[in-house]
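J.: What follows is a single structure, and I will ask about it in a moment.
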Amino acid sequence: MYRDKGCGEIVESDIGKVLTLSGWVFRWRDHGGLIFIDLRDRSGIVQVVFSPDVSKEAHELAHTLRSEYVIKIKGEVRKRPEGTENPDIPTGDLEIYADTLEILSRADPLPFMIDEPKEISESLRLKHRYLDLRRPEMLGNLITRHRVTKQIRDYLDREGFLEIETPMLTKSTPEGARDYLVPSRVNPGHFYALPQSPQLFKQILMCSGIERYFQIVKCFRDEDLRADRQPEFTQVDLEMSFVEVDDVIATVEGMLAHVFKETLGVEIELPMQRLTYRDAMERFGTDKPDLRFGLELVEMEDLARQGSFKVFLSALDSGGRVKGLLGKGLAGLSRKEIDLLTEEAQSYGAKGLAWIKVKDGFESPITKFFPDGVLSEMADRLGAEQGDMMLFVADQEETTLDVLGRLRLSIAKRQGLIKDGFKFCWIVDYPLLEWDDEEGRFQAMHHPFTSPADEDIERMLKEDISDREGLASLKAKAYDIVLNGYEIGGGSIRIHRPDVQRKMFELLQISEEEARIKFGFLLDALRFGAPPHGGLALGLDRLVMIMVGAESIRDVIAFPKTQKAVCLLSGAPSPVEEKQLKELHIKLDIVE
RNA sequence: GGGGUGGUAGUUCAGCACGGUUAGAACGCCGGCCUGUCACGCCGGAGGUCGCGGGUUCGAGUCCCGUCCACCCCGCCA
């Protein structure tokens, strides 16, 4: 028998009881006479006292204890003497007097300290992940993640969803991200792909009459990593039959409200805010706006036309845009700091950055191009006050919005304008198609199975809209959900009519033959009575990251990979035996 | 593929602009002392291929070139 209960579970009513506890030596304070041990297990920490008055033998052995030894002790729970309570831990009023001590496992000196208040380099943490995960913060993250998935399962179960697994060894889909490939031994030269998402299978499940499906599932994308992107990540994937956009949104809102309530005790206000894609781009310069602060982008075209600043006028004349952004509290920037800000704007693709300081009037090399009334109107529109700076970008529309959107975020961070809390919003009314310069054709903005808006379906089928403007005007029944500036999920109502799907492929310049090879099994399924359906996938890692306030999804994944997609713990990926390659009919061709 | 930051003791860092004693600090580790500590305290000690390779120099942790690793960002991620 190793223990009666967890270290963190010792309570007042245990006083006087003799209990057995097991755990790790978190910290020890050896006074020679008395020895205090903070004993830690998953449930928490309790102070164990070794006194020669209680057990000479146990006290003797306790001198040899070191960090992270695993021990078992037995002793009486007592109230701590008055004045020696520790208010910082839940069990701080109690302690246990050990009369027996057994060392279950010794530990070498650690590569880093578990209770280290300093930041440990991440590569060291990843190499010794088993130690890193012992840190209370990391343990807490994993516990939160568990609770989130548990609440999601409970909620969706209650709503009539069935959790169904889909294949990990599946078919490569050339659209989208790069696939991870797995060679087939029994089919030389053929490969499976690991799923980027269970998209096609969940639609087929709808065709199978499942009606409500979900899965908490690993997905794989062989693309470069970021703080919020890992090559393998987890989606909460769901799909529903006989639904419209509002039905999916309501279901997901209910689920998230439930999850936040049950895991963090946070009430989410429903319904969540919705922004059209167009509005999000105009006001925030991105389709994943952080709504925890203001600094919205402001239209400046009419005012720019009233001045004689050539940069603005020529941008407008060539069909571009001029928009402004409030540089809150930036009037004190030196010329050098403004240059840095300009360089930042240029790194985002702008040709330059126009600025006007607001302090006892307007201060800028460009004030001379504008009448005073126009300058005041600019300040009014931006809400610029004494001590602020007005920033302007004039460029082609895409660049203008993108640059200002990034600057907005960067300035808010720098100025500490981002408030705590959880700000959700839905982005709706996405364009159906997106021009791809590289390929010289339109691509599906979401994916090729996304349904066009009802009014556009008729236009698509009946009218000739093959010109660029016509195609760009088509709207999709697609939606993304954004939390604090992170895209945490997205989905759509799918096409369930074979004729619409055929037309879609035509617009994407995917030939019938190509479509048959790539997605034939889905097209077949649509022919035999496919219900209207739609769904969404949530990025679980990102969601939990935001919930626990982590900076990277690596902190909510037990065994994540580095930026070069390496697992420092296991050493994957690694070369394999020649024999394995031979079995798989693979010859290496590595270009040095 | 590109831009940036970092790499010095087990850990976190200082030292580098301006090359020149024996490369320091804190924590950890080892030994000793300590009966109310809780980041215990006090005394003593050990511990370094300055990421790696090359170059400049009488002399390189410090300057130059290359390279590897980690992180942040751009591209990429339907």
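J.: Give, rounded to the nearest 20 debye, the magnitude of the charge dipole that chain A has about its Cα centre when Lys and Arg contribute +1 at Cβ and Asp and Glu contribute -1 at Cβ.
T.: 1260
J.: Now, a different point. At 10 °C and 1.306 mPa s, what whole-number value in µm²/s does Stokes-Einstein give for the translational diffusion of the range A:337-475, with Rh from the Kirkwood sum over Cα pairs? Before the final figure, lay out each step's value.
T.: Numbers: Rh = 18.7 Å.
Answer from the Stokes-Einstein relation: 85 µm²/s.
J.: Oh, and also: Collect residues whose amide H, placed 1.01 Å from N in the peptide plane, falls under 5 Å from the amide H of residue A:17; neighbours closer than 5 in sequence don't count.
T.: Close amide H contacts, sequence-distant or interchain: A:77.
J.: Hey, what's the Kirkwood Rh for the range A:417-469 if you take every pair of different alpha carbons, in angstrom?
T.: When all Cα pairs of the range A:417-469 are included, the Kirkwood radius is 13.9 Å.
J.: Next question. I'd like the chymotrypsin sites (Phe, Trp or Tyr not before Pro) in the range A:288-332 restricted to DSSP loop residues with at most 16 other Cβ atoms within 10 Å, sorted by number.
T.: Sparse-neighbourhood loop chymotrypsin sites (Phe, Trp or Tyr not before Pro): none present.
J.: Trypsin sites (Lys or Arg not before Pro) within the range A:97-162: which are DSSP loop residues with at most 13 other Cβ atoms inside 10 Å?
T.: A:106, A:118
J.: Still on this structure: Please report, largest first and rounded to whole Å, the three semi-axes of the ellipsoid equivalent to the range A:84-212, where each semi-axis is the square root of five times an eigenvalue of the C-alpha gyration tensor.
T.: 46, 25, 15
J.: Rg over Rh of the range A:392-541, using C-alpha atoms and the Kirkwood radius, what does it come to?
T.: My calculation of the ratio gives 1.05.
J.: If you only keep lysine pairs separated by 8 or more in sequence, or across chains, how many in the range A:429-561 come under 17 Å at the Cα atoms?
T.: Eligible lysine pairs with Cα atoms under 17 Å apart amount to 5.
J.: Then there is this: Could you please tell me the mean projected area of the C-alpha convex hull for the range A:252-369, averaged over all directions and given in square nanometres to one decimal? Before the final figure, lay out each step's value.
T.: On the way: hull surface 42.8 nm².
The Cα convex hull of the range A:252-369, projected and averaged over all directions, gives 10.7 nm².
J.: Using the Kirkwood formula on the Cα atoms of the range A:524-585, what hydrodynamic radius do you get, in angstrom to one decimal?
T.: 16.2
J.: Also, quick follow-up: Between residue A:23 and residues 5 or more places away or on another chain, which pairs have amide H atoms under 5 Å apart, with H built 1.01 Å from N, and which residues are they?
T.: A:71
J.: Continuing with the same structure: Could you work out the relative contact order of chain A, using alpha carbon pairs under 8 angstrom and six or more residues apart, expressed as a whole percent?
T.: Rounded, it is 13 percent for chain A.
J.: Right, something else. Residue farthest toward the positive end of the dipole of the range A:517-557, with Cβ of Lys/Arg at +1 and Asp/Glu at -1: which of A:526, A:539, A:552?
T.: A:526
J.: Using only protein heavy atoms and a 1.4 Å probe, report how much of residue A:317 is accessible, in Å² to the nearest 10.
T.: Rounded to the nearest 10, that gives 120 Å².
J.: At each listed q (0.26 Å⁻¹), what is the log10 of I(q)/I(0) that the Debye formula gives for the range A:1-80 modelled as equal alpha-carbon point scatterers?
T.: So the normalised log intensities work out to -1.43.
J.: Need the full-extension length gain, residue A:93 to residue A:398, defined as separation in residues times 0.36 nm minus the C-alpha distance. One decimal, nm.
T.: Contour length minus the Cα-Cα distance gives 103.6 nm.
J.: Quick check on chain A: what does the Kirkwood estimate of hydrodynamic radius come out to from the alpha carbon pairs, in Å?
T.: That comes to 28.6 Å for chain A.
J.: For the range A:125-172, what log10 I(q)/I(0) values come out of the Debye formula at q = 0.14, 0.16, 0.21, 0.32 1/Å, with one point per alpha carbon and no solvent?
T.: Each listed q maps to, in turn, -0.63, -0.72, -0.79, -1.09.
J.: Pop the C-beta distance of residue A:244 and residue A:347 into the FRET formula with R0 = 56 Å and round what comes out to the nearest 0.05.
T.: FRET efficiency, residue A:244 to residue A:347: 0.85.
J.: Starting from the amide H of residue A:276, placed 1.01 Å from N in the peptide plane, find each other amide H under 5 Å away whose residue is 5 or more places distant or on another chain.
T.: Those qualifying (amide H under 5 Å, at least 5 residues apart or on another chain) are A:428.
J.: Now a separate question. Under the rule a/c < 1.5 gives rounded, and otherwise a/b versus b/c splits prolate from oblate, where does the range A:200-289 land using the Cα gyration tensor?
T.: rounded
J.: Order the following by accessible area, largest value first: A:68, A:583. Probe radius 1.4 Å; ligands, DNA and RNA are ignored.
T.: A:583, A:68
J.: At a threshold of 8 angstrom on Cα-Cα distance, excluding pairs fewer than six apart, so keeping six or more, what relative contact order does the range A:15-133 reach in percent?
T.: That works out to 26 percent.
J.: Running Debye on the range A:138-243 with equal point scatterers at the Cα sites and no solvent, what base-10 log of I(q)/I(0) appears at q = 0.15, 0.20 Å⁻¹?
T.: Rounded to two decimals, the profile gives -0.77, -1.11.
J.: Extending each Cα 7 Å along its Cβ direction at residue A:586 and residue A:181, get the distance between those two points in nm, one decimal.
T.: Calculated label separation equals 0.9 nm.
J.: Mind listing which chymotrypsin sites (Phe, Trp or Tyr not before Pro) in the range A:485-534 are in a DSSP loop and have 14 or fewer other Cβ atoms within 10 Å?
T.: A:528
J.: I've got another one for you. Could you calculate the contour length gain from residue A:264 to residue A:517, that is, 0.36 nm times the residue separation minus the distance between their Cα atoms, to one decimal place in nm?
T.: Gain on stretching residue A:264 to residue A:517: 86.4 nm.
J.: Whole-Hz Karplus ³J(HN,Hα) for the range A:417-433, in order, using 6.51 cos²θ - 1.76 cosθ + 1.60 and θ = phi - 60°, x for Gly and Pro?
T.: 8, 7, 7, 5, x, 10, 10, 8, 7, 9, 9, 10, 6, 5, x, 6, 10
J.: Still on this model: Karplus couplings for the range A:476-484 from phi (6.51 cos²θ - 1.76 cosθ + 1.60, θ = phi - 60°), rounded to Hz, Gly and Pro as x?
T.: Karplus values, whole Hz, x for Gly and Pro: 10, 8, 10, 8, 10, 10, 10, 10, 6.
J.: ³J(HN,Hα) across the range A:356-363 via Karplus (A = 6.51, B = -1.76, C = 1.60, θ = phi - 60°), whole Hz, x for Gly/Pro?
T.: Taking θ as phi minus 60°, the curve returns 9, 7, 10, 7, 6, x, 10, 10 Hz for the range A:356-363.
The values are calculated or read from the model by the stated rules, or taken from the named source; none is laboratory data. Predicted, not measured: the structure shown is a model, and the values here were computed from it. Virtual Cβ from ideal backbone geometry, glycine too; neighbours counted across all protein chains shown. Areas reflect the complete protein model, heavy atoms only, side chains present, ligands, DNA and RNA absent. Shrake-Rupley method; radii C 1.70, N 1.55, O 1.52, S 1.80 Å.
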